[in-house]
Amino acid sequence: MQTILLESLPEAVFQLDNFGNIQYCNAAATVLTGYEKNELSGKPVSYLTPNQVDNFKTTYELNLANTNGILAVNGWHLTKQGRKYWGEVTYSPIRQASGEQLGFACIIRDITERKNEENALIENEERFRLLVEGVQDYSIYMLDVDGNIATWNEGGQQLTGYLSSEVIGKHFSIFYNPNDLLDEKPARELETAKRTGRYDEEGWRVKKNGSVFWASIALTAVYNRENKLIGFSKVTKDLTEQNREAAALKQSEERYRLLVEQVIDYGIFMMDDKGRIASWNEGAKRIKGYDHTDVIGKYFSLFYPEEEIFNNKPAYELKIARQHGKYEEEGWRIRKDGSRFWANVVITAVYNADRVLVGFSKVTRDLTERKKAEQAEREISEKYRQIARELETINAELSRTNNDLEQFTSIVSHDLQEPLRTVKSFLHLITDRVEKGKFDDLHVFVSKSVIAANRMKELIENVLNYSQVNKGQISMNSWPIDELLEHVTQNLKGTLDATGATIYIEKQAGEVVKGDKIQLTQLFQNLLSNAIKFTNGEKPFVRLSYGLENGTNWFSITDNGIGMDAASTKMIFDPFRRLHNARNYPGAGMGLAICKKVVERHQGRLWVESEPGVGSTFHFTLWETGPKPSTTHETL
């Protein structure tokens, strides 16, 4: 029922083992990924991502899911056909009532369209935010990549006297004095901001009425999430007095720079409150491969994988650092040469004396080698655990085999000696009669010796048949059960005709069983022969039913024979075990022992339910297969 429910769900559902390997997926998963179920079975869940063997990330995420009870992450995924889509992945641990963990449930949703809409909205909101911040106290406006004014705010109008209609589309050089224009200062400022990310200065600027004012200028290069230049933001403030806090902050930043500049084991740098890199140390250069001229003024998403940039993860980290003072995690980061490294990252919000956020510090440590060593240790440990489990299984099988061998040797030794003693006794009698010249009964003694020898031959043949069941690999083919039973009943046709027996089969249309055809035929033939043979003068009637239960083949053979008591049911599967006189019920006592071995070789079990004078029912199970079919009846 649970499987039917999962198969009907419209979302892709996976069941993972404790190491993140796929054990099951529903139909929706095959539609989403393009893979068939057997293609995904045993694969790590990272197989569905562009980096198909990212065990570091999978292990980290599963550990978080285990700790928190559930984990939702987003990232790029690839279908079998190579289509790239943005997936929302939810992990949750699966546990038994005892608390033992069985693995993880995993749901993947394609949210590419929703993500594109969210990113478009975020980009528009970011542009709007840049326009309106500090609208009363600052002249804030945007320039295109050529320096033409693209937006205008109220602060700009109040400071310079220009209306938006008078400046939109004009080059920002209209605010510069003639000497600066001759010196091409506006163009040099754009080039500096483009090269370093930011240009700051204090200097004279010109209003609409021709008057000049001393301004603080911040010209910043604006990049999108792909680090492509899309323009500049320019912030201008009329300075009527010096900002003492700015000087104090500059002094504090200088002390910080001197403190961390020489650290080489950790990448340490400062960012402004927007996430733009403001400082760079030797450790950052060594770990990430960038020189300070490559990164100053750039948004720190420069070091993040494409999918995390697409998911706005850098902005999310800054948000958490603002709310809680610090953000810490482990994850993949990108070096200048494009290679990845597994990093421990700590982002700390930095406040001034008035508890105003002035930026962030970021400390990065390369843990790649340590993680590789930990993973290698886990793999070696798991390998030895697997070897130990296999050895335990082998030892248990050897112990069981030795016990069976000891019991079998004892029984065979006893049963083979019986006809041998008979032959020996009659040979002594023959020798004695010959010496005395009495030849009348010799033919009787010879005849009985031959009977005993034939008995011994029969026992030896049964021993060989018994040993053949355990020999070599069994053939693993699928056989229609109705055809298999038809073959068995044809083999028993002479017995059925002689006894008038009826075999009543509850047929399962289209049902198959997997295994060795010869051994399965021998199994059914031995059980049906016994059901026909062990009767008390009544016409034999045998009922055979079979089907599936919890994915396992089951069979039951019921007869109306003589039955047996409870004590006898525990010993009838031993080699050469006979409950009745061979004269009334001929046989070597090996049939059920062979049946038991055949069932065990097909990963099943064989048992009997019986009542004296009523009959017996032999039950056995075999392999696991598909769903249970409907039942029809047929009488042979």
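The values are calculated or read from the model by the stated rules, or taken from the named source; none is laboratory data. It should be emphasised that the depicted structure is a prediction, and the values quoted were computed from it without experimental measurement. Cβ coordinates were reconstructed from backbone atoms using ideal geometry, including for glycine residues, and neighbour counts include every protein chain displayed. In case anyone asks, the SASA skips ligands and DNA or RNA and just uses the protein heavy atoms, side chains included. Shrake-Rupley method; radii C 1.70, N 1.55, O 1.52, S 1.80 Å.
Which numbered condition in (1) modelled with pLDDT under 85; (2) closer than 30 Å to E7 by Cβ is the only one that G604 fails?
Here G604 meets the rest and fails (1).
Run V89 past the list (1) touching a strand residue (DSSP E or B) at 6+ places or on another chain (Cβ under 9 Å); (2) open to solvent by 40 Å² or more (accessible area, probe 1.4 Å) and report the number of the one that doesn't hold.
(2)
Would you confirm whether or not the range 485-501 contains a residue that is open to solvent by 50 Å² or more (accessible area, probe 1.4 Å), under 24 Å from G604 (Cβ atoms) and either part of a strand (DSSP E or B) or at pLDDT 85 or above (or both)?
Checking the range 485-501: at least one residue is open to solvent by 50 Å² or more (accessible area, probe 1.4 Å), under 24 Å from G604 (Cβ atoms) and either part of a strand (DSSP E or B) or at pLDDT 85 or above (or both).
Could you tell me whether the range 287-300 includes any residue that is under 21 Å from V73 (Cβ atoms), in contact with a strand residue (DSSP E or B) (Cβ under 8 Å, 6 or more places away or on another chain) and assigned to a helix (DSSP H, G or I)?
yes
Residue under question is F14, and the condition is that it be crowded, with 20+ Cβ neighbours inside 10 Å and not in a helix (DSSP H, G or I); does it hold?
yes
Of everything in the range 231-258 that's modelled with pLDDT of 70 or more, of a type in the set (A, V, I, L, M) and under 28 Å from L302 (Cβ atoms), which residue is farthest from the chain's Cα centre (by Cα)?
V235
Output the residues belonging to the range 149-199 that are of a type in the set (A, V, I, L, M), closer than 22 Å to L239 by Cα, in contact with a strand residue (DSSP E or B) (Cβ under 9 Å, 6 or more places away or on another chain) and open to solvent by 40 Å² or more (accessible area, probe 1.4 Å).
Residue satisfying the conditions is I174 alone.
I'd like the full set of residues that are open to solvent by 20 Å² or more (accessible area, probe 1.4 Å), in contact with a Gly (Cβ under 7 Å, 6 or more places away or on another chain) and not hydrophobic (A, V, I, L, M, F, W, C), limited to the range 135-148.
Q136, D137, Y138, D144, N148
Exactly one of (1) part of a strand (DSSP E or B); (2) surrounded by 15 or more Cβ atoms within 10 Å (Cβ to Cβ) is unmet by E329. Its number?
Failed condition: (2).
Do you know which residues across the range 502-517 are in a strand (DSSP E or B) and of a type outside the set (V, I, T)?
Residues satisfying the conditions are Y504, E506, K507, Q508, K514, G515.
Go through the range 597-607 and give me each residue that's surrounded by fewer than 20 Cβ atoms within 10 Å (Cβ to Cβ) and either of a type in the set (F, W, Y) or more than 36 Å from the chain's Cα centre (by Cα) (or both).
Passing the criteria: only W607.
Quickly run through the range 44-71 and pick out the residues that are outside any helix (DSSP H, G or I) and in contact with a Gly (Cβ under 8 Å, 6 or more places away or on another chain).
Result: P44, T49.
May I ask you to list pairs of residues, at least six apart or on different chains, whose Cβ atoms are under 9 Å apart, with the first in the range 533-553 being without any contact (Cβ under 8 Å) to a residue 60 or more places away in the chain and the second being basic (K, R) and open to solvent by less than 80 Å² (accessible area, probe 1.4 Å)?
Pairs found: P540/K533.
Return the residue satisfying two criteria in turn: it lies in the range 358-381 and is open to solvent by 40 Å² or more (accessible area, probe 1.4 Å) and in contact (Cβ under 8 Å) with a residue 24 or more places away in the chain, and of such residues it is nearest to Q251 (Cα to Cα).
Going through the qualifying residues, I end up with V358.
What is the one condition in (1) among the hydroxyl-bearing types (S, T, Y); (2) out of contact with any strand residue (DSSP E or B) (no Cβ under 9 Å at 6 or more places or on another chain); (3) touching a residue at least 12 places away in the same chain (Cβ under 8 Å) that T67 does not satisfy?
(3)
Hey, among T67, T33, T3, T49, which residue is at pLDDT below 90 and among the polar types (S, T, N, Q)?
T3
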